[in-house]
1. Would you confirm whether or not segment 288-308 contains a residue that is touching a helix residue (DSSP H, G or I) at 6+ places or on another chain (Cβ under 9 Å), within 23 Å of residue 147 (Cα to Cα) and outside the structural domain of residue 492 (by TED's automatic domain parsing)?
2. Tell me, yes or no, whether segment 495-506 has at least one residue that is assigned to a loop (DSSP other than H, G, I, E, B) and modelled with pLDDT of 90 or more.
3. Restricting attention to segment 40-71, report how many residues are closer than 23 Å to residue 243 by Cα and assigned to a loop (DSSP other than H, G, I, E, B).
4. State yes or no: is residue 451 loosely packed, with under 12 Cβ neighbours inside 10 Å, modelled with pLDDT under 90 and not in a loop (DSSP other than H, G, I, E, B)?
5. Inspect segment 212-222 for any residue being surrounded by fewer than 16 Cβ atoms within 10 Å (Cβ to Cβ), in the same structural domain as residue 361 (by TED's automatic domain parsing), in contact with a helix residue (DSSP H, G or I) (Cβ under 7 Å, 6 or more places away or on another chain) and under 21 Å from residue 317 (Cβ atoms) and give the result as yes or no.
6. Taking residue 36 and the conditions (1) part of a loop (DSSP other than H, G, I, E, B); (2) under 23 Å from residue 334 (Cβ atoms), which numbered condition does it fall short on, given that it satisfies the others?
């Protein structure tokens, strides 16, 4: 552990924060490791096994323009098979922490503070945990392969861009063109993952240019202007190719996409329910604690210009991703029930809001001029982190339990399918195994008759399960009593709680 610094948190605070950070990170990792292929994953993974890269890309680009998503899905599924679900989840979480730590090191250098690698890594862990804890659905964000390679991968790409730009400015030397090319390519790939993050990146570049104009010296202004212009250009190109590709246009037409200010406004208002849920669940306390920790590790925000731009970035994080997410999902016709953005897309807004809240805490503490080593500050940080971690545990525990129940159900189902296929039966009986939670929009077969299953999904399931084309599938419409949770019902996939199933048997 690095030596004590005048304004750094004390050893007991660091140890306590590490314990809480690793606890929160363990929850997120378990969600990813306990996930199994579901919904679109069936096609993404099985097609990658049998098709070459160009064939795979051509097939999926016909339905969407997210070229980076399909490239990452093909590569990971080709390398790891069904384990790609877990590898991508864990890999993106680890990469997010590493990039956040790299960016924080650059921030420390820009503020002319000596690096404190261990404590910057701690802050990175807490920031990532606080960001992901805010997700409306932990499963759809981390565990659903087809969603994580769109939304989480795009956020990680944005984080990589920020880390590269900040470290270039903190180095203040070396050729500029390799950095500009690197961030331009990264931004283009980011836009190819997700158009929401691409649009947010372009707007963030504009604010960053204004910030650098006032806060940086002449040399840094020049470097930042070039790198930020390259980033904005790359994000614009990637986003335009994504949005205006033939596949995205066909998808938009099928979803009835159209620009409507009223629809965007309605979705924006409805999306506030995600923030209210996070506040009610208490997970935003992690962001508060992260803000206190950032104040202790990086020090206060000094000077009127820096405070003014910190306030501007705080407002940006709390509002712009929320508005962009609301507008693009409403205009794309991809809102879910209740005219809200899908859980997986809303993570962009809630995660950014959490980091904006942490930045607001840093700014508020800086304006009080209280010492980062004051006992009151240390106590505030630890209490917020402890309470937020407990809230995350309460949020993640039912999901992890549901995932483990699904793992057992999938093992039994796979065994039964193998037996019936080996026996060369003309019809295979299949028991659905939807995730036992209402906080997901990922679809397994539902507890409904075979004729009422979603069109086309049975073919994807058959391919994933190794059921021959000529063999029919009969779906069991009755939910087993062994596959339920107390108080958990999800009518849209025919899931009833244990109490409801018991009542039917009386």
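1. no
2. Checked against the condition, which is being assigned to a loop (DSSP other than H, G, I, E, B) and modelled with pLDDT of 90 or more, segment 495-506 yields at least one hit.
3. 6
4. yes
5. Yes, because at least one residue in segment 212-222 is surrounded by fewer than 16 Cβ atoms within 10 Å (Cβ to Cβ), in the same structural domain as residue 361 (by TED's automatic domain parsing), in contact with a helix residue (DSSP H, G or I) (Cβ under 7 Å, 6 or more places away or on another chain) and under 21 Å from residue 317 (Cβ atoms).
6. Condition not satisfied by residue 36: (2).
Table: residues versus (1) closer than 29 Å to residue 365 by Cα; (2) surrounded by 19 or more Cβ atoms within 10 Å (Cβ to Cβ); (3) outside the structural domain of residue 135 (by TED's automatic domain parsing).
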| position | (1), (2), (3) |
| --- | --- |
| 381 | yes, yes, no |
| 387 | yes, no, no |
| 405 | no, no, yes |
| 412 | no, no, yes |
| 418 | no, no, yes |
| 421 | no, no, yes |
| 427 | no, no, yes |
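This table checks each residue for (1) closer than 22 Å to residue 284 by Cβ; (2) touching a residue at least 40 places away in the same chain (Cβ under 8 Å); (3) surrounded by fewer than 21 Cβ atoms within 10 Å (Cβ to Cβ).
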position	(1), (2), (3)
91	no, no, yes
109	no, yes, yes
113	no, yes, yes
120	no, yes, no
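The values are calculated or read from the model by the stated rules, or taken from the named source; none is laboratory data. If you're wondering where the values come from, they're calculated on a predicted model, not measured in any experiment. We place every Cβ from the backbone using ideal geometry, glycine too, and count neighbours over all the protein chains shown.
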